[in-house]
Structure formats: C-alpha cells, structure tokens
Amino acid sequence: MAAKIIDGKAISAAVKEQVRAEIERDKIKAGLAVVIVGDDPASRVYVNNKKKACELCGIQSFEYALPAETEQNQLLELIDTLNADKNVNGILVQLPLPDHFDEKAVIERISPLKDVDAFHESNVGKIMIGNYAFLPCTPAGCMELIHSTGVEVAGKECVVIGRSNIVGKPMAMLLLHENGTVTVCHSKTKNLAEVCRRADILVAAVGRPNFVTADMVKDGAVVIDVGINRLENGKLCGDVKFDEVSEKAAYITPVPGGVGPMTIAMLMKNTLTAARIQNS
Ligand code: NAD
C-alpha cells in the first residue's frame, strides 16, 4: 500500500500562522538577524526563505551579507553588536562559513539567549537534560512531522541515520525525550540495513541521494527524510529512494516539501520564544 505523504509545506504554514497570530495578539516586537558570509548559492536561497518567513510572521528581519574575505574578528565584532542590540532577539549565522572561519568560536560568541538555532554549547547541554527554551530547528521540525501522523513515539523503535551535531544527535535526543527506543547509525555502523529494518520511525540525515532503499525499511514505518541533495540535473532529492520506499512505509516526507519548510517554521517559533524571554 502506498504511504501517506506528510505535507511539510502545509504543516509549516500552520506553524508560521500560529506564530503570526501570537505576535499580533500579544503585540510582540520580535527581530531576527541573519548573517551570511560569502556567496554560496544554496545559503543565499535559505537566507531569502528565512526573510520571507519573517515578513509573513510579522518578525523584523535584519540581514548582514558580508564578503567571503571577511575576517573572523570582524564577524565576532558584528555578533557582539547584535548581542547588545535590543531590536534583535535572535541571531542566526548561516553555515557553512568559508574555510578560514572557526565555526565553533563563531557559534559560541552568540548570546545563548539569542541562539535561535540552538547550536551554542549551553543550549545543547540544556537539550541533553531536557530543560530547554529552544530546540534546534530541523530536529524540532521532524518531531512536528512525526506528531502530525498521530503515531506515538513512546515505546517505538526509532533509528536515526547520521550523527551530526546539527541533525542526527539532537534528533536522537528528542526521540529519547518522548520515550522512543533510539538507535543512532553512522558511517561505521555494521549491518545498517538490518538495523534500519527494525525501525518503526526511521530518520535519514546522511546527505547521500537515494541512500535509503526499500529493503532497509519495515512495512508500515514512518520515514522522515532530512537529506537535501542536488543532483547533476539540478533537481533536489532526499536521502530516501522515495518511489520504492513509499510503497512500503505508512508515512513518508517528500523532498522538497517535507523537512525543509519545517526548519524555517521552527526558526520563526524560536525567534518568538526568544522575544518573549527577552521582553519579560
Ligand atoms: P553531516 O555530513 O554533518 O552528517 C552526515 C552523517 O551521515 C554523519 O554523521 C555520517 O556518519 C553519516 N553517514 C555518512 N555516510 C554514511 C553511511 N554510509 N552509512 C551510515 N551513515 C553515514 O550532514 P548533516 O549536516 O547532518 O546533514 C545531513 C543531510 O541533511 C544533508 O543532506 C543536509 O543537506 C540535510 N539537512 C537538511 C536540513 C533541512 O532543513 N531539511 C537541515 C540540515 C541538514
């Protein structure tokens, strides 16, 4: 039987509408600063989409587009200025940065209160112990998509492929917070297909087109595809071989139109949360 497609576009639109309505109702002044360094075309698309989402939600957006040759110190100084700016509630530095930057030092410079990506180590620590203000946008978006299916996480076998700090690890932690039995797979995992076949909920965050094939998926699983891969023909595709996996899974996210729009919606939600905390 063909899987139900989880409509990330529609769910993200609902989240953004909720943020917009709350901002209007409570007369909240919220601002998001987005910093982009260099001219990576994919980063430019993401930044433009974030600006559009801000407009839609009634969040003021401030864009800082810096040339690729910007020095680390100049970026750190800009972050200090934004940390002190009362109109800025959230700061997002678009990654990846050009090679000469120390990304970790840049992330650590952002005030944890304005770290709407939740990448700062103090926010990561809070997520680990389950006492947090913000969740990282992509894993939080995946959780919303899973919730939309009505499938309960508690007691389920959950497999996450990928262990990055941005997606895989926090994703595993959020599933664990909801009482899933979680396995994290990575490039050194043995018998990957066998481990994946155990999953009631399978999250792929690998960055390889069509990596997850039908033989790796249990009948009736929920499959969340985080991957965004650009093929030679210019088309986007996920980590999951959609055509064959959708014949086996019960629910599946498409690429595009699945996790991607949710990441931006959760960023809007985090910016609202940051504004509430800073204004209170
Ligand atoms: P990453 O490169 O940091 O991590 C990839 C992970 O995949 C690693 O942990 C690695 O161990 C694992 N891996 C690699 N080869 C493997 C193999 N053969 N078997 C098992 N595991 C393997 O990437 P990331 O930042 O976590 O992103 C993953 C994907 O998600 C990328 O396609 C990225 O573009 C996409 N992404 C999408 C969003 C979104 O909003 N939809 C956000 C962030 C990342």
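Quick one: would you say residue 230 is of a type in the set (D, E, K, R), surrounded by fewer than 19 Cβ atoms within 10 Å (Cβ to Cβ) and touching a Leu at 6+ places or on another chain (Cβ under 7 Å)?
Against the criterion (of a type in the set (D, E, K, R), surrounded by fewer than 19 Cβ atoms within 10 Å (Cβ to Cβ) and touching a Leu at 6+ places or on another chain (Cβ under 7 Å)), residue 230 qualifies.
Pairs under 7 Å by beta carbon, first residue within 26 Å of residue 93 (Cβ to Cβ) in the stretch 157-184, partner among the polar types (S, T, N, Q) and within 8 Å of the ligand (Cβ to nearest atom), six or more apart or different chains?
Listed pairs, sorted by first residue: 166/138; 167/138.
Looking at the stretch 229-271 only, could you name the residues that are assigned to a loop (DSSP other than H, G, I, E, B) and without any contact (Cβ under 8 Å) to a residue 40 or more places away in the chain?
Residues satisfying the conditions are 231, 232, 233, 234, 235, 238, 241, 255, 256.
Filter the stretch 218-227 down to residues that are assigned to a loop (DSSP other than H, G, I, E, B) and surrounded by 24 or more Cβ atoms within 10 Å (Cβ to Cβ), then give me how many there are.
Residues flagged as assigned to a loop (DSSP other than H, G, I, E, B) and surrounded by 24 or more Cβ atoms within 10 Å (Cβ to Cβ) within the stretch 218-227 amount to 3.
Return the residues of the stretch 130-153 that are part of a helix (DSSP H, G or I) and either surrounded by fewer than 20 Cβ atoms within 10 Å (Cβ to Cβ) or within 14 Å of the ligand (Cβ to nearest atom) (or both); say none if nothing qualifies.
Within the stretch 130-153, 137, 138, 139, 140, 141, 142, 143, 144, 145, 147, 148, 149 meet the criteria.
Collect the residues in the stretch 32-48 that are surrounded by 16 or more Cβ atoms within 10 Å (Cβ to Cβ), under 24 Å from residue 272 (Cβ atoms) and either among the β-branched types (Val, Ile, Thr) or touching a Lys or Arg at 6+ places or on another chain (Cβ under 9 Å) (or both), keeping them in residue-number order.
32, 33, 34, 35, 36, 47
I'd like to verify a number: residues in the stretch 154-178 that are surrounded by fewer than 19 Cβ atoms within 10 Å (Cβ to Cβ) and either near the ligand (Cβ under 6 Å from one of its atoms) or over 27 Å from residue 104 (Cα atoms) (or both), how many?
Count: 7.
If residue 261 satisfies all but one of (1) more than 25 Å from residue 43 (Cβ to Cβ); (2) of a type outside the set (A, V, I, L, M, F, W, C); (3) within 9 Å of the ligand (Cβ to nearest atom), what's the number of the condition it fails?
If we test residue 261 against (1) more than 25 Å from residue 43 (Cβ to Cβ); (2) of a type outside the set (A, V, I, L, M, F, W, C); (3) within 9 Å of the ligand (Cβ to nearest atom), just (1) comes out false.
Looking at the stretch 192-217, which of the residues that are buried (at least 19 other Cβ atoms within 10 Å of the Cβ) and within 15 Å of residue 156 (Cα to Cα) is farthest from the ligand (Cβ to nearest atom)?
Looking at residues that are buried (at least 19 other Cβ atoms within 10 Å of the Cβ) and within 15 Å of residue 156 (Cα to Cα), I get 200.
Please go through (1) among the basic types (Lys, Arg); (2) within 24 Å of residue 72 (Cα to Cα); (3) at pLDDT 95 or above for residue 44 and return the number of the only condition it doesn't satisfy.
(3)
Check the stretch 179-191 and report whether any residue there is aliphatic (A, V, I, L, M), in a helix (DSSP H, G or I) and more than 10 Å from the ligand (Cβ to nearest atom).
No.
Pick out the one residue from 124, 116 that is within 27 Å of residue 85 (Cβ to Cβ), within 15 Å of the ligand (Cβ to nearest atom), part of a helix (DSSP H, G or I) and modelled with pLDDT of 95 or more.
The match here is 124.
Could you tell me whether the stretch 238-251 includes any residue that is of a type in the set (Phe, Trp, Tyr), in contact with a strand residue (DSSP E or B) (Cβ under 6 Å, 6 or more places away or on another chain), more than 10 Å from the ligand (Cβ to nearest atom) and at pLDDT 95 or above?
Scanning the stretch 238-251 turns up at least one residue that is of a type in the set (Phe, Trp, Tyr), in contact with a strand residue (DSSP E or B) (Cβ under 6 Å, 6 or more places away or on another chain), more than 10 Å from the ligand (Cβ to nearest atom) and at pLDDT 95 or above.
Closer than 20 Å to residue 268 by Cβ, touching a strand residue (DSSP E or B) at 6+ places or on another chain (Cβ under 7 Å) and of a type in the set (A, V, I, L, M): is that true of residue 59 in this structure?
yes
In the stretch 158-174, which residues are in a helix (DSSP H, G or I) and touching a Ser or Thr at 6+ places or on another chain (Cβ under 9 Å)?
The answer is 170, 171, 172.
Got a sec? Which helices (runs of 4 or more DSSP H) wholly within the stretch 1-113 have at least 2 residues that are over 28 Å from residue 125 (Cα atoms) and touching a residue at least 60 places away in the same chain (Cβ under 8 Å)?
Counting at least 2 such residues, we get 8-25, 41-57.
The values are calculated or read from the model by the stated rules, or taken from the named source; none is laboratory data. Everything quoted here is computed from the prediction, not taken from an experiment. Every residue, glycine as well, gets a Cβ built from its backbone with ideal geometry; the counts of neighbours run over all protein chains shown.
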